[in-house]
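Heads up, the thing below is written out as structure tokens.
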Amino acid sequence: MEVRVAASFGFCKGVRQAFALAERSFELGGPVYFLGELVHNHDAMEMFRARGARIVENPEEIPSGAVVVTRSHGIPKDVQEELLRKNATIVDTTCPKVKRVQVLARRLEEEGYRLVVFGKASHPEVQALLSVLKKQAQVVATPEEWQKAFAVDHQGPFAVLAQTTFPSVLLQQFENWVREQGLLGVRIVHTLCDETEKRQRELEQNLEQNPGDVVIVVGGKHSANTRSLFVLAERRGVPVFWVENAAELRSLSLPKRASFFITSGTSTPDWVVQEVVTYLQSL
Ligand code: SF4
């Protein structure tokens with residue numbers, strides 16, 4: 001039996017850095033609170049809980065003087081201000097790629113551009129991005145929404161930025177539309193993170209080279225980029241299993257004498273992937 005593992009597996013760089021900062025937060029003294037789950041992975045969050053951390057969704061649940069670990073998506077300005085009023089020690093784990101988008105957005109706004117953000121309005125990364133701007137930016141995700149945003153009565157020049165995990169295929173569609181319409185004064189700034197795309201590419205390449213592989217996708221059930229990997233394999237019509245960890249995989253009945261390809265979401269810890277590999281190799 002062969003077990004292949006994607007070249008990019010486990011935490012992405014941004015999550016790896018966030019995780020390391022979170023681990024060090026226990027040395028700062030004071031109760032440790034996580035504002036939202038740092039990673040979409042039950043095992044990893046259980047590890048922090050076991051060390052005494054509390055995971056809350058609302059800053060109101062955090063007492064004065066606490067150590068607060070924020071997420072790699074960034075932290076909205078008003079939430080940050082509320083935490084500072086509570087004398088919290090903020091461990092800001094915002095991914096540098098996400099921070100870069102915030103800096104770019106502010107600069108473009110100062111240069112006089114009207115900002116259009118491609119992304120999901122309710123996503124924490126988009127909320128944090130909007131909070132650092134002086135003017136209101138439009139958030140769009142579908143062709144109907146962007147056509148409305150660029151209607152003739154709207155005055156440019158426009159600068160277009162995207163949530164780092166926005167699907168590149170939709171942005172490409174938008175660029176084609178801008179060309180077809182002959183729209184002037186639209187500056188598109190590349191802000192996508194290629195980490196999730198890279199994992200999808202590696203999965204596609206493996207399916208081309210090893211079409212008989214059974215795909216095992218390892219990652220949290222709330223992780224959007226893990227879901228994308230699962231959906232991609234499913235659409236290609238190959239047998240695919242989505243598990244959070246080796247324990248879940250053990251409970252499944254896998255095809256006999258199969259070869260496997262393992263891929264994982266960007267917030268899946270390396271050790272969780274390793275446990276899955278070890279289990280499959282033991283079959
Ligand atoms: S997926 Fe990209 S943007 Fe998101 S945390 Fe990882 S490196 Fe940063």
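The values are calculated or read from the model by the stated rules, or taken from the named source; none is laboratory data. Not measured: the values here are computed from a predicted model. Every residue, glycine among them, receives a Cβ derived from its backbone with ideal geometry; neighbour counts consider all protein chains shown. Note: areas computed on protein heavy atoms with side chains; ligands, DNA, RNA excluded. Shrake-Rupley method; radii C 1.70, N 1.55, O 1.52, S 1.80 Å.
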Legend entry - Qualifying residue in the stretch 216-228 (condition: free of Cβ contacts under 8 Å to residues at least 12 places away in the same chain, away from the ligand (no atom under 16 Å from the Cβ) and of a type outside the set (D, E, K, R)): no
Legend entry - Residues located in the stretch 1-42, provided they are of a type in the set (D, E, K, R) and closer than 12 Å to residue 270 by Cβ: 16
Inset, instruction - Give the number of residues within the stretch 231-278 that are open to solvent by 40 Å² or more (accessible area, probe 1.4 Å) and aromatic (Phe, Trp, Tyr). - result: 2
Legend entry - Candidate set from the stretch 120-165 (those that are within 26 Å of residue 197 (Cα to Cα) and in contact with an Asp or Glu (Cβ under 7 Å, 6 or more places away or on another chain)); member that is surrounded by the most Cβ atoms within 10 Å (Cβ to Cβ): 163
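Does the stretch 84-97 contain any residue that is more than 28 Å from residue 171 (Cβ to Cβ), in contact (Cβ under 8 Å) with a residue 24 or more places away in the chain, charged (D, E, K, R) and surrounded by fewer than 17 Cβ atoms within 10 Å (Cβ to Cβ)? Walk me through it before giving the result.
Step one: of the stretch 84-97, the residues more than 28 Å from residue 171 (Cβ to Cβ) are 84-91.
Filter again for in contact (Cβ under 8 Å) with a residue 24 or more places away in the chain, leaving 86, 88-89, 91.
This time we only want the ones that are charged (D, E, K, R), so: 86.
Adding the requirement that they be surrounded by fewer than 17 Cβ atoms within 10 Å (Cβ to Cβ) leaves 86.
Within the stretch 84-97 (the criterion being more than 28 Å from residue 171 (Cβ to Cβ), in contact (Cβ under 8 Å) with a residue 24 or more places away in the chain, charged (D, E, K, R) and surrounded by fewer than 17 Cβ atoms within 10 Å (Cβ to Cβ)), the answer is yes, since at least one residue qualifies.
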Legend entry - Count of residues meeting criterion [part of a loop (DSSP other than H, G, I, E, B) and under 17 Å from residue 80 (Cβ atoms)] in the stretch 29-47: 2
Inset, instruction - For the stretch 33-52, indicate whether the set of residues that are under 17 Å from the mean Cα position of the chain (by Cα), open to solvent by less than 60 Å² (accessible area, probe 1.4 Å) and free of Cβ contacts under 8 Å to residues at least 24 places away in the same chain is non-empty. - result: yes
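Out of the stretch 237-283, which residues are β-branched (Val, Ile, Thr) and either over 8 Å from residue 218 (Cβ atoms) or not in a strand (DSSP E or B) (or both)? Reasoning before the result, please.
Kept after step one, since they are β-branched (Val, Ile, Thr), are these residues of the stretch 237-283: 238, 240, 243, 262-263, 266, 268, 272-273, 276-278.
Residues satisfying the conditions are 238, 240, 266, 268, 272, 273, 276, 277, 278.
Name the single residue, out of those in the stretch 90-128 being away from the ligand (no atom under 16 Å from the Cβ) and among the acidic types (Asp, Glu), that is nearest to residue 159 (Cα to Cα). Even if it seems obvious, please write down each step before you answer.
Residues of the stretch 90-128 away from the ligand (no atom under 16 Å from the Cβ): 90, 106-116, 121-122.
Subset that is among the acidic types (Asp, Glu): 109-111.
On the way: 109: 8, 110: 11, 111: 10 Å.
Among them, the one singled out is 109.
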Legend entry - Tally, over the stretch 1-25, of residues that are free of Cβ contacts under 8 Å to residues at least 60 places away in the same chain, open to solvent by less than 50 Å² (accessible area, probe 1.4 Å) and more than 16 Å from the ligand (Cβ to nearest atom): 0
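Could you pull out the residue among 176, 210 that is open to solvent by 20 Å² or more (accessible area, probe 1.4 Å) and free of Cβ contacts under 8 Å to residues at least 60 places away in the same chain?
Working: 210 fails: free of Cβ contacts under 8 Å to residues at least 60 places away in the same chain.
Only one candidate qualifies: 176.
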Inset, instruction - Please specify each residue of the stretch 163-209 satisfying the condition of being within 16 Å of the ligand (Cβ to nearest atom), of a type in the set (Val, Ile, Thr) and assigned to a helix (DSSP H, G or I). - result: 196
